[in-house]
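Read the structure below first, then the notes.
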Amino acid sequence: MISETTYVTALFLWMGLAVVIFPVLLKITVPYGRHTTSTWGPTISNKLGWFVMELPAVAIFSWFFFTGPVEKTIPLYIFYGTFTLHYLNRMIAFPLRMKDKGKRMPLAIVGLAIFFNIFNGFFNGYWFGYLTPAYENSWLLEPKFIAGAVLLLAGMLINTTSDQKLLSLRKGGRKGYYIPYGGMFTYVSSPNLLGEILEWLGWAMMSWCLPSFSFALWTMANLIPRALDHHRWYRKRFPDYPKERKAIIPFIL
Ligand code: NDP
């Protein structure tokens with residue numbers, strides 16, 4: 001068993017890495033989806049890539065969560081259930097619904113995502129399975145749990161409905177890219193990424209512990225630069241792109 005001191009030291013280093021990576025991601029465009037290039041080496045099918053890169057998150061979180069001695073109360077099952085539900089959607093339902101006509105992504109991206117998911121799955125699974133102080137069932141009535149749950153559900157709704165809107169742009173065998181309209185697309189170019197950030201901020205508030213905040217921090221470090229890349233790409237590609245639309249934070253960024 002890892003001591004709490006070792007675990008917390010490693011977790012701070014992990015969070016420090018997110019802070020270092022954020023400005024790097026602001027400078028480079030990560031090549032998957034619309035930004036795919038052949039300059040990042042060998043590639044793998046997009047759909048298989050999503051499955052393989054998200055699998056370690058669920059597998060490692062589940063392993064440590066269930067093998068650890070911490071008593072599993074209802075709040076803990078809610079943290080586990082919402083994390084797993086998100087990843088099952090991302091690794092199975094989302095790729096199956098993608099209309100990507102055999103698109104591929106660099107293996108290097110899959111490798112980087114696996115690296116992230118191994119560490120994130122470990123830090124959260126180990127905390128909730130082995131180290132956390134007990135969450136009594138009365139935690140469900142804590143204001144931070146309730147506020148976090150509302151944020152998590154709102155984030156999930158924004159994320160999944162926006163992903164669905166994007167996927168439906170290629171209905172009827174249409175290919176290529178179109179300007180999405182309606183819903184949160186009225187305000188931002190990447191409401192799916194905004195929804196994902198709100199989700200993990202909500203999850204962190206509900207559980208109120210350092211590893212879940214580290215996940216929210218990493219999500220922001222990853223997705224804010226990606227949303228800025230998407231936004232620049234839309235403006236360059238579509239001369240009639242709505243001028244008032246922001247990248248990821250309505251009216252602000
Ligand atoms: P995108 O918005 O780039 O793409 C989502 C899907 O919609 C893809 O199939 C894409 O096709 C298609 N699509 C996007 N825009 C258009 C358009 N204008 N016209 C037609 N089709 C379009 O999302 P990402 O790939 O950046 O992310 C996908 C999901 O994964 C998001 O929900 C995101 O939150 C999540 N994610 C989470 C991360 C984390 O750190 N937690 C990291 C990365 C992603 P195509 O692939 O051909 O571009």
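The values are calculated or read from the model by the stated rules, or taken from the named source; none is laboratory data. This structure is a prediction, so every number in the text was calculated from the model and none was measured. When we count neighbours, we look across all protein chains shown, and the Cβ atoms used for this are built from the backbone with ideal geometry, even at glycine.
The set of residues in region 205-228 being touching a residue at least 40 places away in the same chain (Cβ under 8 Å) and under 18 Å from Met184 (Cα atoms) consists of Ile224, Arg226, Leu228.
Only one entry in Pro225, Pro211, Pro180 is surrounded by 14 or more Cβ atoms within 10 Å (Cβ to Cβ) and assigned to a loop (DSSP other than H, G, I, E, B), namely Pro180.
Of the residues that sit in region 1-22 and are part of a helix (DSSP H, G or I) and of a type in the set (Gly, Ala, Ser), which one is surrounded by the fewest Cβ atoms within 10 Å (Cβ to Cβ)? Taking the candidates together, the pick is Gly16. Taking the listed residues Tyr126, Tyr130, Tyr135, the one that is within 26 Å of Ile21 (Cα to Cα), away from the ligand (no atom under 16 Å from the Cβ), modelled with pLDDT of 95 or more and not basic (Lys, Arg) is Tyr126, with no other qualifying. Can Trp203 be described as in contact with a Lys or Arg (Cβ under 9 Å, 6 or more places away or on another chain), among the aromatic types (Phe, Trp, Tyr), more than 11 Å from the ligand (Cβ to nearest atom) and within 29 Å of Thr6 (Cα to Cα)? Considered against the rule, which asks whether it is in contact with a Lys or Arg (Cβ under 9 Å, 6 or more places away or on another chain), among the aromatic types (Phe, Trp, Tyr), more than 11 Å from the ligand (Cβ to nearest atom) and within 29 Å of Thr6 (Cα to Cα), Trp203 comes out as no. Taking the conditions exactly as written (part of a helix (DSSP H, G or I), within 11 Å of the ligand (Cβ to nearest atom) and touching a residue at least 40 places away in the same chain (Cβ under 8 Å)), does Met53 satisfy them or not? So Met53 fits the description; yes.
Checked against (1) more than 16 Å from the ligand (Cβ to nearest atom); (2) within 12 Å of the chain's Cα centre (by Cα), Leu210 passes all but a single condition, namely (2). If you scan region 101-123, which residues turn out to be farther than 16 Å from Ile21 by Cβ and either outside any strand (DSSP E or B) or away from the ligand (no atom under 12 Å from the Cβ) (or both)? If the condition is that a residue be farther than 16 Å from Ile21 by Cβ and either outside any strand (DSSP E or B) or away from the ligand (no atom under 12 Å from the Cβ) (or both), then Lys101, Gly102, Lys103, Pro106, Leu107, Val110, Gly121, Phe122 are the ones that fit.
Quick check on region 23-71: of everything there that is of a type in the set (S, T, N, Q) and more than 18 Å from the chain's Cα centre (by Cα), which residue is surrounded by the most Cβ atoms within 10 Å (Cβ to Cβ)? Ranking the candidates gives Thr43 first. If Pro42 meets every condition in (1) closer than 27 Å to Arg97 by Cα; (2) within 16 Å of the ligand (Cβ to nearest atom); (3) modelled with pLDDT under 95 apart from one, which number is that one? Only one criterion in (1) closer than 27 Å to Arg97 by Cα; (2) within 16 Å of the ligand (Cβ to nearest atom); (3) modelled with pLDDT under 95 is unmet by Pro42, namely (2).
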